[in-house]
Protein chains: 2
Amino acid sequence: MQPARRLYRRESEESRRSALISATQELVAEGGPEAATVRAIAERAGVTPGLIRHYFQSKDELTRAAYRALMDGMTAKGSDAIEGVGAGPEERLAAFIAASLRPPVLDAGAVVLWAGYMHKVRSDPDLMAVHEAAYLAYRDTLQKLIETLPRATRPGQTRAEAIACNALIDGLWVEGSLLPVTFAPGEIITIGLSSVSAILGLDLMAHTSMLPDFGKSLP
Amino acid sequence: MQPARRLYRRESEESRRSALISATQELVAEGGPEAATVRAIAERAGVTPGLIRHYFQSKDELTRAAYRALMDGMTAKGSDAIEGVGAGPEERLAAFIAASLRPPVLDAGAVVLWAGYMHKVRSDPDLMAVHEAAYLAYRDTLQKLIETLPRATRPGQTRAEAIACNALIDGLWVEGSLLPVTFAPGEIITIGLSSVSAILGLDLMAHTSMLPDFGKSLP
DNA sequence: GGCATGATTATACACGCGTATAACAAACGG
DNA sequence: CCGTTTGTTATACGCGTGTATAATCATGCC
């Protein structure tokens, strides 16, 4: 009497791939890259290890797919934030910034996941291209939002401003996620909005009325 | 005739420990955390693997020591930058910022090293304390520099400004290191200085005359 | 200059990793 | 309802990992 062979259901290629990618992301976010072993990923995704090699040529390919999905998801969340919001340029910019500095984007797991892939990004040209595309897409969205503001600008000015605002948001994203205890609730968003305001020479804080979670949180 | 036993010299505990720590940092910077195996570290440090356990109770302890050394070194380089420079508050602040956005601090290896430890920082309370101390020390230096500026300030203002400037510098540090090709030489420093200027309401670019590598690099 | 000390090397072990391949069974067409 | 296909499981292999322990020899002391 040996243990019965495990029962299973056949599923679509798409659902299996996304389950494996999600499992990989979760494990890296929780325990760093070394926690995302083939066996752990399979268990998390509810399959046996061998199946990974049926959908991905190697573990490395799964890793790349997971990174691509991460970056796509993060830029998508930023774009979503400016979809439903009102037409005023300041409101749209404020919503975009706030969305990047609030869960689920502002999240320690996301930062650890992002950081865990960093060295692979530098050594793998394929991942480097993904990273660069995502970074430039985010920055470009930011720059376009900045260019719609009612201001007079010098040539080249908005590029520098977009780089600066992007860096500011990135830095707040990392620190706010890693040391949440150090900051009061909403403080990260407030600092982000007022600093971007200073860089661009306007007042985004006056356009936050329709932002969620923004009652009276200024420290 | 078997191969002769390897010759060696006895060295001080301090030199062996620092050699092992440096080897660890180099390997993580070059190939990520998984490249820093016990055997690779030993080879890089010019010893055999067993010696690591003679100076560190476990590989994990060596890892922690390497992270501590990294953070201490980075904050020290920032402090160094404001030592020799002139007494003007703006000049000192500008020198501090520029030093953080230039090699050897602005360096892809350093970013990869920093990122490689991130998940351990989150899971190990000891490393978390090191991270928090280093972050707050850096931010505090920044805040003190800001407070010496000739300006009128509201209570709590400089804290928020220090957080913002710190985040901006961090973001530029990461992006400038990871995508150096995307930026013109000196562009990162220029953007850092002018953005901090905007946040603080002054003009640091007028106080960069004694900065190295700052001839005519404004894009 | 021989001897004790312990820094350093050498060897071995158990374990987990990614990978390869064979056995099985769930779904589908006839 | 049987046969084929192929998604899925099961098993095994080789390798590299961190660790433990024994052997050795460089060094300082008397």
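The values are calculated or read from the model by the stated rules, or taken from the named source; none is laboratory data. Bear in mind that the values here come from a model prediction, so they are computed numbers and not experimental data. In this analysis, Cβ positions are derived from the backbone assuming ideal geometry, glycine residues included, and neighbour counts consider all displayed protein chains.
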Could you tell me whether region A:172-190 includes any residue that is within 12 Å of chain B (Cβ to nearest Cβ), part of a loop (DSSP other than H, G, I, E, B) and free of Cβ contacts under 8 Å to residues at least 24 places away in the same chain?
yes
Quick check on my filter: what residues within region A:94-111 are in contact with a Ser or Thr (Cβ under 8 Å, 6 or more places away or on another chain) and either surrounded by fewer than 20 Cβ atoms within 10 Å (Cβ to Cβ) or in contact (Cβ under 8 Å) with a residue 60 or more places away in the chain (or both)?
A:A94, A:A98, A:L106, A:D107, A:A108, A:A110, A:V111
Given (1) under 24 Å from B:W114 (Cβ atoms); (2) part of a helix (DSSP H, G or I); (3) free of Cβ contacts under 8 Å to residues at least 40 places away in the same chain, index of the condition A:K120 fails
(3)
Run down B:L168, B:L145, B:L93 and say which single residue is facing another protein chain (nearest Cβ under 9 Å) and not hydroxyl-bearing (S, T, Y).
B:L168
Return the pairs, sorted by first residue and then second, in which the second residue is assigned to a helix (DSSP H, G or I) and more than 8 Å from DNA strand D (Cβ to nearest atom), the first residue lies in region B:34-51 and is farther than 20 Å from B:M118 by Cβ and among the charged types (D, E, K, R), the beta carbons are less than 7 Å apart, and the residues are 6+ apart or on different chains.
B:R44/B:A23; B:R44/B:E26; B:R44/B:L27
Can you name every residue in region B:139-152 that is of a type in the set (A, V, I, L, M, F, W, C) and touching a residue at least 12 places away in the same chain (Cβ under 8 Å)?
B:L142, B:L145, B:I146, B:L149
Give B:S79, B:S100 a once-over and let me know the one that is within 14 Å of chain A (Cβ to nearest Cβ), farther than 25 Å from A:K120 by Cβ and more than 11 Å from DNA strand C (Cβ to nearest atom).
B:S100
Return the residues of region A:56-87 that are closer than 16 Å to A:P103 by Cα, over 11 Å from the mean Cα position of the chain (by Cα) and charged (D, E, K, R); say none if nothing qualifies.
A:D80
The residue from A:E132, A:E175 that alone is touching a Leu at 6+ places or on another chain (Cβ under 7 Å) and of a type outside the set (A, V, I, L, M, F, W, C) is A:E132
If B:L93 meets every condition in (1) within 28 Å of A:A110 (Cα to Cα); (2) part of a helix (DSSP H, G or I); (3) among the hydrophobic types (A, V, I, L, M, F, W, C) apart from one, which number is that one?
(1)
Of those in region B:191-215 that are in contact with a helix residue (DSSP H, G or I) (Cβ under 6 Å, 6 or more places away or on another chain) and in a loop (DSSP other than H, G, I, E, B), the residue farthest from A:I191 (Cα to Cα) is B:L211
Being surrounded by 14 or more Cβ atoms within 10 Å (Cβ to Cβ) and within 14 Å of chain A (Cβ to nearest Cβ) is the filter; apply it to region B:39-69 and report the residue that is nearest to DNA strand D (Cβ to nearest atom).
B:K59
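Against the definition (modelled with pLDDT of 95 or more and under 24 Å from B:G88 (Cβ atoms)), how does B:K216 come out, yes or no?
Considered against the rule, which asks whether it is modelled with pLDDT of 95 or more and under 24 Å from B:G88 (Cβ atoms), B:K216 comes out as no.
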With respect to A:G31, determine if the residue is touching a helix residue (DSSP H, G or I) at 6+ places or on another chain (Cβ under 9 Å) and within 16 Å of DNA strand C (Cβ to nearest atom).
yes
Output the number of residues of region A:1-21 satisfying the condition of being farther than 18 Å from A:D60 by Cβ and away from DNA strand D (no atom under 13 Å from the Cβ).
0
Please tell me if A:R151 is farther than 22 Å from A:L70 by Cβ, modelled with pLDDT of 95 or more and of a type in the set (D, E, K, R).
no
Would you confirm whether any residue within region A:131-138 is surrounded by fewer than 21 Cβ atoms within 10 Å (Cβ to Cβ), away from chain B (no Cβ under 12 Å) and without any contact (Cβ under 8 Å) to a residue 12 or more places away in the chain?
no
